[in-house]
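Just so it is clear, none of the values below were taken in a lab; they were calculated from the coordinates. Note that the structure is a prediction, hence the values are computed from the model and not measured. Virtual Cβ from ideal backbone geometry, glycine too; neighbours counted across all protein chains shown.
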């Protein structure tokens, strides 16, 4: 949406959220960015060869696997973009070829770069089709020499015929395999496969709005569903009595537990598992929570999870959504389950794209 003035973009997103959520509650004014450029702390580049047999890197054209060559992007971190360009030039020097999906030949599939904006730490993940890495040590030395700001380099091996970027196996080639960043005054370890919001400036605003909506007290027990590396749960722990985080991604759960130790937070526990099943088990044991904070993927929550939530009967539900369409769909089920939306707060986490983040507070009607 970069061809549209930023203020107009905000109006478009405001109108979209209002159209979808006004049947449920009032919608506050969207919170935009003061400087809506170069905000992405995560950059992912696909690698391939063009018709002139030149190595290119960039992004996939929409609904295809054709690579659009990109050297720099106005929403991506500048340093990360420069590292991608350097890696592209090093491939030729080291006679390494990009992976070809059709022939299943070649070496490098993707490069993923994560930056800690507050710490300056930089992670480079080289996604390769096989484990054998010819000239590995010299390649790493050359990359570090060109970009001494790099903190760690990880090789991720993905030999499957899949559209997934990352595979299941990893080897640390340089550094400790993780980086740290600071969010809302807390330090977080981030590993290659862990979820971490891509816009740290707006994430602080988003999470503060979520905690504000939760109206936490020291007697409250909180469930942080889809907890990732524990960001929202650990921020909530400062105001709540006890926080329980649940997440399916084992790498993220390990990071979350490490992050709690790193920040000396002892009233939060993290569990690997399906959040819906976890809450079902709690409810069947006569256990309950006062507040559920949920931050599902773009596809929204499952009916099973929402039924589990309704059965547990928390007083307050804070829904953090990155897709107002699936949010509206899920609010219908929560409304049928006895919850009433109080208000919605849109936050522009993704300037110059169609996406918008929204926080909704829901309260049980008989609470």
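Sort 168-178, 249-259 for me by packing, meaning the mean count of neighbouring Cβ atoms within 10 Å per residue, highest on top.
Working: 168-178: 15.7, 249-259: 20.3.
Descending mean neighbour count gives 249-259, 168-178.
May I ask you to derive the FRET efficiency for residue 85 and residue 277 from their Cβ-Cβ distance with R0 = 35 Å, giving the value to the nearest 0.05?
Numbers: r = 45 Å, r/R0 = 1.29.
Computed FRET efficiency for residue 85 and residue 277 comes out at 0.20.
Based only on Cα atoms, what Rg/Rh ratio does the stretch 310-352 have, Rh being taken as Kirkwood's radius? Display every interim value, and only then the final one.
Values: Rg = 12.0 Å, Rh = 11.8 Å.
Answer for the stretch 310-352: 1.02.
How high is the FRET efficiency between residue 141 and residue 262 when r is their beta carbon distance and R₀ equals 35 Å, given to the nearest 0.05?
Details: r = 30 Å, r/R0 = 0.87.
So, using R0 = 35 Å, E works out to roughly 0.70.
Angle check, please: helix 136-146 long axis (alpha carbons) against the longest principal axis of the chain (alpha carbons), in degrees 0 to 90, nearest 10.
Approximately 80 degrees, to the nearest ten.
Which residue, 190, 211, 144, tops the fluctuation ranking in a GNM of the chain built on C-alpha contacts under 10 Å?
144
Rounded if a/c is under 1.5, else prolate if a/b beats b/c, else oblate: with a ≥ b ≥ c from the C-alpha gyration tensor eigenvalues square-rooted, which is the stretch 42-177? All intermediate terms of the calculation are to be shown ahead of the outcome.
Working: a/c = 1.45, a/b = 1.21, b/c = 1.20.
Because its axes are fairly even, with a/c under 1.5, the stretch 42-177 counts as rounded.
Of 180, 54, 354, which has the largest mean-square fluctuation in a 10 Å C-alpha GNM of the chain?
54
When every alpha-carbon pair in the stretch 211-367 is counted, what percent end up more than 27 Å apart? List each step's numbers first, then the result.
Values: 2116 of 12246 pairs.
Counting every Cα pair in the stretch 211-367, those more than 27 Å apart make up 17 percent.
Where does helix 78-93 land angle-wise versus the long Cα axis of the chain, in degrees 0 to 90, nearest 10?
Around 30 degrees separate the two axes.
Express the relative contact order of the chain as a whole percentage, based on alpha carbon pairs under 8 Å and six or more residues apart in sequence. Mind showing how you got there, number by number?
Values: 779 pairs, mean separation 57.2, N = 367.
Dividing the mean separation by the residue count of the chain yields 16 percent.
Which order results if 64, 321 are arranged by neighbouring Cβ count within 10 Å, fewest first? Before the final figure, lay out the partial values.
On the way: 64 8, 321 27.
The order, fewest Cβ neighbours first, is 64, 321.
For helix 200-214, report the angle its Cα long axis makes with the longest principal axis of the Cα atoms of the chain; keep it between 0 and 90° and round to the nearest 10°.
20
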